[in-house]
Amino acid sequence: MTLLDVKNLTISFGGLRAVDDFKLSIKQGQLYGLIGPNGAGKTTVFNLLTGVYKPNEGIIKLGDRDITGLKTIEINKAGIARTFQNIRLFKELSVLDNVKVGLHNHHHYNTLEGIFRLPKYFRVEKEMDEKAMELLKVFDLDKEAGYQAANLPYGKQRKLEIARALATEPKLLLLDEPAAGMNPNETGELMDTIRFVQKEFGMTILLIEHDMKLVSGICEELTVLNFGRILTQGKTADVLNDPQVITAYLGE
């Protein structure tokens, strides 16, 4: 079953076409990679998929739903969550509270219940605490639940950002260079974490990454962008051995 279907996606800034006629089809449960040299348009694609930018042309469908041009919060509620190349945590909040921010998509109490601490407030808060701790255990962060997020080591901040994204209960998880700034040991742990998330959560994942060892180790298929256009698409091994891809990276 196709979960994400993108056709003819195009956006221009001034006279520059940053993404031109982009097409992508990702099956449910697939771990898919989007790669390309710096400035190829990868993050712009993520911004289009998550409503940060509205496309000039094209259609984005999540399952049977057309989400083209919806606001970011609407797209998140429809089932797309993301992380960012530059980590965006609420660093003044605790590790636990960062995950609870994501849980508010599906756990609610009204303003009155919150202000006067009515029974539903305590029930919902307890449910969120328990769910957040479950997610933190998945990422081996439960012992740091009370820490301020800013005090976590870099690699654990990356894991926390993924945990918070999963708290929104997405159908599709977009990871924007999650291995950026990691040492080889942290990258190895991240690969294991991404595989675990895909398997245990049945998660469909679209990954932007420059680390070719990570990409070749976990992605089933790849799309390669260069200057905003698709260079090639296909099975990972075939794409990484394509002379066009090798030339694009050597010319970076």
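One line per residue, one yes/no per condition, for (1) at pLDDT 90 or above; (2) under 20 Å from the mean Cα position of the chain (by Cα); (3) surrounded by 15 or more Cβ atoms within 10 Å (Cβ to Cβ); (4) within 30 Å of Leu4 (Cα to Cα):
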position: Val95; (1), (2), (3), (4): yes, yes, yes, no
position: Leu112; (1), (2), (3), (4): no, no, no, no
position: Val124; (1), (2), (3), (4): no, no, yes, no
position: Ala132; (1), (2), (3), (4): yes, yes, yes, yes
position: Leu136; (1), (2), (3), (4): yes, yes, yes, yes
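Can you tell me which of Pro55, Pro37 is open to solvent by less than 30 Å² (accessible area, probe 1.4 Å), part of a loop (DSSP other than H, G, I, E, B) and either out of contact with any Gly (no Cβ under 8 Å at 6 or more places or on another chain) or under 28 Å from Lys156 (Cα atoms) (or both)?
Details: Pro55 fails: either out of contact with any Gly (no Cβ under 8 Å at 6 or more places or on another chain) or under 28 Å from Lys156 (Cα atoms) (or both).
Within the list Pro55, Pro37, the selection yields Pro37.
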Quiz item: Of all the helices (runs of 4 or more DSSP H) wholly in region 174-252, which have at least 2 residues that are farther than 21 Å from Ala163 by Cα, more than 15 Å from the chain's Cα centre (by Cα) and among the small types (Gly, Ala, Ser)?
Solution: 212-218
Exercise. Among the residues of region 173-186, count how many are at pLDDT below 90, open to solvent by less than 30 Å² (accessible area, probe 1.4 Å) and either more than 27 Å from Asn241 (Cβ to Cβ) or in contact with a Leu (Cβ under 6 Å, 6 or more places away or on another chain) (or both).
Key: 0
Exercise. Select from region 60-77 the residues that are more than 17 Å from the chain's Cα centre (by Cα) and exposed (fewer than 15 other Cβ atoms within 10 Å of the Cβ) and write down the one among them that is nearest to Lys23 (Cα to Cα).
Key: Asp66
Quiz prompt | Breaking point among (1) closer than 28 Å to Ile205 by Cα; (2) modelled with pLDDT of 95 or more, for Asp140 | solution = (2)
Quiz item: Only one of these conditions is not met by Asp211: (1) farther than 24 Å from Ile246 by Cα; (2) open to solvent by 10 Å² or more (accessible area, probe 1.4 Å); (3) acidic (Asp, Glu). Which number is it?
Solution: (1)
Self-check item: Set Leu231, Leu240, Leu206, Leu222: member being surrounded by fewer than 21 Cβ atoms within 10 Å (Cβ to Cβ), out of contact with any Cys (no Cβ under 9 Å at 6 or more places or on another chain) and in contact (Cβ under 8 Å) with a residue 40 or more places away in the chain
Solution: Leu231
Quiz item: Since Arg88 meets every condition but one in (1) under 13 Å from the mean Cα position of the chain (by Cα); (2) surrounded by 14 or more Cβ atoms within 10 Å (Cβ to Cβ); (3) at negative phi, which condition does it not meet?
Solution: (2)
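If I go through region 39-77 residue by residue, how many of them are of a type in the set (A, V, I, L, M, F, W, C) and free of Cβ contacts under 8 Å to residues at least 40 places away in the same chain?
So the answer is 6.
The values are calculated or read from the model by the stated rules, or taken from the named source; none is laboratory data. What you are looking at is a predicted structure, and each value in this text was computed from that prediction instead of being measured. All Cβ positions, even for glycine, are placed from backbone atoms using ideal geometry, and neighbour counts span all protein chains on display. These accessible areas exclude ligands, DNA and RNA; they are computed on the full protein's heavy atoms, side chains included. Shrake-Rupley method; radii C 1.70, N 1.55, O 1.52, S 1.80 Å.
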